[in-house]
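Chemist: Dumping the structure here so I can ask a few things about it.
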Amino acid sequence: MKTAVVLLPGLNRDRDMIAALTKISGTAPATVWQTDTEIPDVDLIAIPGGFSFGDYLRCGAIAARSPVMRAVAEKAAKGVMVVGVCNGFQILVEAGLLPGALMRNASLKFVCREVKLQVANANTAFTRGYQPNQIIRCPVAHHDGNYFADADTLARIEGEGRVVFRYAEDTNPNGSINDIAGIINDKGNVLGLMPHPENLIEAAHGGNDGRALFEGALGIAA
Amino acid sequence: MIKARVTVTLKNGVLDPQGKAIEHALGGLGFDGVGQVRQGKVFDIELDGTDKAKAENELKAMCDKLLANTVIENYSVSFV
């Protein structure tokens, strides 16, 4: 299975994502730089976490307008799987590939801890390796993960089962509306989430709860 | 040359934790009677030419495409 990782100035979780995808897919991902206008043929494109362009203007705002994101949007329109983690999620909403916005944490504090996630929709390509409503562990590390959408948008994504992950067991770290931690697009091939599943994929990480997400996206049986 | 000022503010109903923190801090400094505080952004932009109508259209397009996130923010354009 082929993968690609988007590289942007200011990201800092790119090596974690590359390591995770290499271990899970068996092949090192292709890397594409912010100025690249073409992305090779791959099964999954990952946008890692970090602080692209220093979070200037709004988190992910500048990155979302970079040439490589136009290429990501073209691939997404063709049905290629795309996952954005943390800053990657912020970039996907700023690019309009996912609805809503990610605002400053309600606590105003940067949060770096482990949370519990409920798999709110196990019927997606990304989550088919989990049981419905399964509770998994996952680390978070962000300052702007407070998901917001207007009432109509919220009702629509909730009604369509597009909330894929929710913070569970009172671990919502950011004030996100409806405890939303991750959402998917209407076609089901673009997922964004604030937590870092790539940081929980093997015993050395202290658990592998995040692994099934990538295996699902790549169609690898666990 | 045209000098413009773009003001971006959060829409009503969107929670503003930073504005809230500023509100509390002002109270803590002894400023009584401070109501709600909402934080926003200001951009001063210089544009070539003298046609303000054209500039206004262009500035609005800049807001829609980059300066504001219209999911959560409103914007206004003025000339200085």
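The values are calculated or read from the model by the stated rules, or taken from the named source; none is laboratory data. Predicted model, so just to flag it, every value in this text is computed and none were measured. Positions of Cβ are backbone-derived with ideal geometry, glycine not excepted, and every protein chain shown enters the neighbour counts. All accessible areas refer to the heavy atoms of the entire protein, side chains included, with ligands and DNA or RNA removed. Shrake-Rupley method; radii C 1.70, N 1.55, O 1.52, S 1.80 Å.
Chemist: What's the number of the only condition in (1) at pLDDT below 95; (2) of a type in the set (S, T, N, Q); (3) surrounded by 12 or more Cβ atoms within 10 Å (Cβ to Cβ) that B:Thr7 fails to meet?
Modeler: (1)
Chemist: Given (1) crowded, with 20+ Cβ neighbours inside 10 Å; (2) assigned to a loop (DSSP other than H, G, I, E, B), where does A:Ala122 come up short, assuming only one miss?
Modeler: Tallying (1) crowded, with 20+ Cβ neighbours inside 10 Å; (2) assigned to a loop (DSSP other than H, G, I, E, B), A:Ala122 fails exactly one: (1).
Chemist: Tell me the residue from B:Glu23, B:Glu46 that is surrounded by fewer than 17 Cβ atoms within 10 Å (Cβ to Cβ) and either touching a residue at least 40 places away in the same chain (Cβ under 8 Å) or within 14 Å of another protein chain (Cβ to nearest Cβ) (or both), please. Reasoning before the result, please.
Modeler: Values: B:Glu23 fails: surrounded by fewer than 17 Cβ atoms within 10 Å (Cβ to Cβ).
Unique residue meeting the criteria: B:Glu46.
Chemist: Within the set of pairs 6 or more residues apart or between chains, which connect a residue that is surrounded by fewer than 20 Cβ atoms within 10 Å (Cβ to Cβ) inside the range A:18-40 to a residue that is of a type in the set (Asp, Glu) with Cβ atoms less than 7 Å apart?
Modeler: A:Lys23/A:Glu202
Chemist: Something else: Of all residues in the range B:1-20, which are closer than 18 Å to A:Leu57 by Cα, in contact (Cβ under 8 Å) with a residue 60 or more places away in the chain and out of contact with any helix residue (DSSP H, G or I) (no Cβ under 7 Å at 6 or more places or on another chain)?
Modeler: B:Arg5, B:Thr7, B:Thr9, B:Leu10, B:Lys11
Chemist: So, one more: Considering only residues that are in a helix (DSSP H, G or I) and either at pLDDT 95 or above or touching a Phe, Trp or Tyr at 6+ places or on another chain (Cβ under 8 Å) (or both), which ones fall in the range B:24-55?
Modeler: Matches in the range B:24-55: B:Leu26, B:Lys52, B:Ala53, B:Lys54, B:Ala55.
Chemist: Among the candidates A:Ala217, A:Ala221, single out the residue that is closer than 22 Å to A:Ile45 by Cβ, part of a loop (DSSP other than H, G, I, E, B) and of a type in the set (A, V, I, L, M, F, W, C).
Modeler: A:Ala221
Chemist: Only one residue in A:Ala77, A:Ala73 is surrounded by fewer than 21 Cβ atoms within 10 Å (Cβ to Cβ) and within 11 Å of A:Ile45 (Cβ to Cβ), so which one is that?
Modeler: Sole residue among the options that is surrounded by fewer than 21 Cβ atoms within 10 Å (Cβ to Cβ) and within 11 Å of A:Ile45 (Cβ to Cβ): A:Ala73.
Chemist: For the range A:131-176, please list each of the strands (runs of 3 or more DSSP E) lying entirely inside it that holds at least 2 residues being in contact (Cβ under 8 Å) with a residue 60 or more places away in the chain.
Modeler: A:135-142
Chemist: Continuing with this model, one more query. Can you pull out the residues in the range A:63-92 that are part of a helix (DSSP H, G or I) and in contact with a Phe, Trp or Tyr (Cβ under 8 Å, 6 or more places away or on another chain)?
Modeler: Once the filter is applied, which keeps residues that are part of a helix (DSSP H, G or I) and in contact with a Phe, Trp or Tyr (Cβ under 8 Å, 6 or more places away or on another chain), the range A:63-92 yields A:Ala63, A:Val68, A:Asn87.
Chemist: Do any residues in the range A:177-202 that are at positive phi and assigned to a helix (DSSP H, G or I) have Cβ atoms under 9 Å from those of residues that are surrounded by fewer than 24 Cβ atoms within 10 Å (Cβ to Cβ) and of a type in the set (Ser, Thr, Tyr), where the two are at least six apart or on different chains, and which pairs are they?
Modeler: Cβ pairs passing all conditions: A:Asp179/A:Thr171.
Chemist: Would you check if A:Arg113 is open to solvent by 20 Å² or more (accessible area, probe 1.4 Å) and either in contact with a strand residue (DSSP E or B) (Cβ under 8 Å, 6 or more places away or on another chain) or within 14 Å of chain B (Cβ to nearest Cβ) (or both)?
Modeler: Yes.
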